[in-house]
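Here is the structure we will look at.
The values are calculated or read from the model by the stated rules, or taken from the named source; none is laboratory data. Note that the structure is a prediction, hence the values are computed from the model and not measured. Here the Cβ positions follow ideal geometry from the backbone for every residue, glycine too, while neighbour counts run over all protein chains shown. All accessible areas refer to the heavy atoms of the entire protein, side chains included, with ligands and DNA or RNA removed. Shrake-Rupley method; radii C 1.70, N 1.55, O 1.52, S 1.80 Å.
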Amino acid sequence: YARARLLESGYKEIGIDHFSKPEDALYQAFEEGRMHRNFMGYSDSKTEVMIGLGASSISDSWDAFAQNEKSIEAYYALLDENKIPVVKGHILDDEDLEVRKHILNLMCHYLTKWDEHSILDWDLITSKLSELESDGLVQLSEQQIDIPKQGHAFIRNICMCLDMRLYRKAPNTQVFSQTI
């Protein structure tokens, strides 16, 4: 209902759960193929460095992530000790960076392409996408994934097929947001 009301009011769908008026900078960025996505959502400019302030916040330096202490009490205790309240992080390797690039392409442009220099296992990825392809939610061609309009609502499921870490080691606890 809310989606229909937004569309009736002149908003355009530009990404998963995001809408914009055609005259807005975000819509223009979407149309021009320069929209970006970060932890905060979609942006009309690329953000390579984000510094998270506050308990539970996440910082992103493009090739690494860091998360602050989740507990507000522990967060302030670390600050009182003049310590940076980061409790965990991850440095992205070459594979992580390539996966990130393709997921951002899909999330922002509904299209990604690769070449023969890719280090990802595209045979495995495309096999994971085959059922979605048979349902008409993705279009696979040589070295390209395209997501038609009917697949936009399933973008998270589609992007999960590119996450090699999910295949190598199933987590014991929920690490990423889950799809329904």
(message) Which of Tyr110, Tyr167, Tyr27 ends up with the largest GNM mean-square fluctuation for the chain, with Cα atoms connected below 10 Å?
(response) Tyr167
(message) Running a GNM on the chain with Cα contacts under 10 Å, which residue among Asp44, Asp121, Asp96 ends up with the highest mean-square fluctuation?
(response) Asp121
(request) Might you report the magnitude of the Cβ-based charge dipole of the chain about its Cα centre, with Lys and Arg at +1 and Asp and Glu at -1, to the nearest 20 debye? (result) 540
(message) Below 22 Å, Cα to Cα, which lysines can Lys149 reach? Residues fewer than 8 away in the same chain don't count.
(response) Lys12, Lys21, Lys101, Lys113, Lys128
(request) Would you work out which of His18, Gly33, Ile84 lies farthest towards the positive end of the dipole of the chain? Charges go on Cβ: Lys and Arg +1, Asp and Glu -1. (result) His18
(message) Which residue fluctuates most in the GNM of the chain (Cα springs below 10 Å): Glu73, Glu95, Glu133?
(response) Glu73
(request) Could I have the simple spin-label model distance between Val87 and Ser134, label points 7 Å from Cα toward Cβ, reported in nm to one decimal? (result) 4.4
(request) Determine the share of the chain's accessible area contributed by carbon and sulfur atoms, expressed in whole percent, with a 1.4 angstrom probe. (result) 52
(request) Compute the FRET efficiency between Leu124 and Arg34 as 1/(1 + (r/R0)^6), taking r as their Cβ-Cβ distance and R0 = 35 Å, and round to the nearest 0.05. (result) 0.70
(request) Using Cα extents along the principal axes in Å as the read-out, say which of (1) 49, 38, 24; (2) 55, 43, 30; (3) 47, 35, 33 was calculated from these coordinates. (result) (2)
(request) Quickly estimate the mean residue ellipticity at 222 nm for the chain, helices only: each DSSP H run with n ≥ 4 gives -39500 (n - 2.57), and the total goes over all residues, rounded to 500. (result) -10000 deg cm²/dmol
(message) Under a Cβ-only charge scheme (Lys and Arg +1, Asp and Glu -1), can you give me the dipole magnitude of region 62-137 about the Cα centre, in debye to the nearest 20?
(response) 340
